[in-house]
Amino acid sequence: MTEAIAQGTSTSHGDTHILRFALFLPYAVARVWGAVATPVGLRQWLATADVFESRLGGRVTLRGSDVPVVAAGTVTAWDGERVAEYTFAGHGRIRFHLESVGAEATVVRFTHEFTGPDDRRPDALACWHEHFELLHEALEGHPLRPGGPGGPAGPAGSAERREELRAAYRPRGGRHS
């Protein structure tokens, strides 16, 4: 259900970039928390957690599902069913801030702060957008693959979808917002 994910935004301060997504998900906070802050949940839409210590200061190591990237880092904020933040050497900081909207819906305010050349922003926005489509599919009961990462069926996860998203996030004659 790709239309469920609103386009992300970004700002830059020199070579530091902050990507933002606001996701409205029609699922209870506990269910969304399980997807963004547990090894089992992360494996269904983002990456395999080779190491995952669910506490402030805990270690976390994620192995990407679509590329052989391993990111090792630390849990830099942790407030059960509300905030999970991970900081990775070379990949920056990602933060999930969950807000309950009634009993059966959640708003996730996501940020990814990283340092690098400005031309990385559109690809990073497209990559996160695609992963959030996969998160939505996983929450609907269609994870990447029951046992872990792999190529899902449907529009999300396909090379065509990734290129479509990259094109949507590329600046058009000016600064990307």
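The values are calculated or read from the model by the stated rules, or taken from the named source; none is laboratory data. The structure presented is a predicted model; accordingly, all values stated were derived computationally and were not measured. Heads up, the Cβs are rebuilt from the backbone with ideal geometry, glycines too, and the neighbour counts pull from every protein chain shown. Accessible surface areas use protein heavy atoms only, side chains included; no ligands, DNA or RNA. Shrake-Rupley method; radii C 1.70, N 1.55, O 1.52, S 1.80 Å.
Within 11 Å, Cβ to Cβ, of F24, how many net charges do the neighbouring residues add up to if Lys/Arg are +1 and Asp/Glu are -1?
Working: positive: R109; negative: E99.
Combined, the nearby Lys, Arg, Asp and Glu give 0.
In the full protein assembly as shown, how much of Y27 is accessible to a 1.4 Å probe, in Å² to the nearest 10?
30 Å²
Rg/Rh for the range 8-134 to two decimals, with Rh computed the Kirkwood way over all alpha-carbon pairs.
Values: Rg = 14.0 Å, Rh = 14.8 Å.
So for the range 8-134, dividing Rg by the Kirkwood Rh gives 0.94.
Keeping all protein chains in position, work out how much accessible area R31 exposes to a 1.4 Å probe, and write it in Å² to the nearest 10.
Spelled out: R31, probe radius 1.4 Å, area about 120 Å².
Can you pull the Rg over Rh of the range 51-111, Cα-only, Kirkwood?
On the way: Rg = 12.9 Å, Rh = 12.4 Å.
Reported Rg/Rh, Kirkwood definition of Rh: 1.03.
Could you work out the equivalent-ellipsoid semi-axes for the range 23-83, taking the square root of 5 times each eigenvalue of the Cα gyration tensor, largest first, in whole Å?
Details: eigenvalues 77, 50, 13 Å².
In descending order, the three semi-axes are 20, 16, 8 Å.
State to the nearest 20 debye the size of the charge dipole of the range 1-100 about its Cα centre, where the only charges are +1 on K and R beta carbons and -1 on D and E beta carbons.
Working: 9 positive and 9 negative charges, 28 e Å.
Its charge dipole is roughly 140 debye.
Can you tell me the convex hull volume per residue for the range 1-46, based on C-alpha atoms, in Å³ to the nearest whole number?
On the way: hull volume 5.1 nm³, N = 46.
Taking the convex hull of the Cα positions in the range 1-46, it is 110 Å³ per residue.
Mind pulling the per residue volume of the convex hull built on the Cα atoms of the range 99-148? Å³ is fine.
Numbers: hull volume 5.2 nm³, N = 50.
Taking only Cα atoms, the range 99-148 has a hull volume of 105 Å³ per residue.
I'd like the accessible area for H142, computed on protein heavy atoms only with a 1.4 Å probe and all protein chains in place. Round to 10 Å², please.
Rounded to the nearest 10, that gives 110 Å².
Could you rank S10, S54 by how accessible they are, 1.4 Å probe, largest area first? Display every interim value, and only then the final one.
Numbers: S10 5, S54 70 Å².
The ordering from most to least exposed comes out as S54, S10.
Can you give me the % of accessible surface on the range 1-115 that is carbon or sulfur? Probe 1.4 Å, all protein chains present, nothing else counted.
Reported share for carbon and sulfur atoms: 54 percent.
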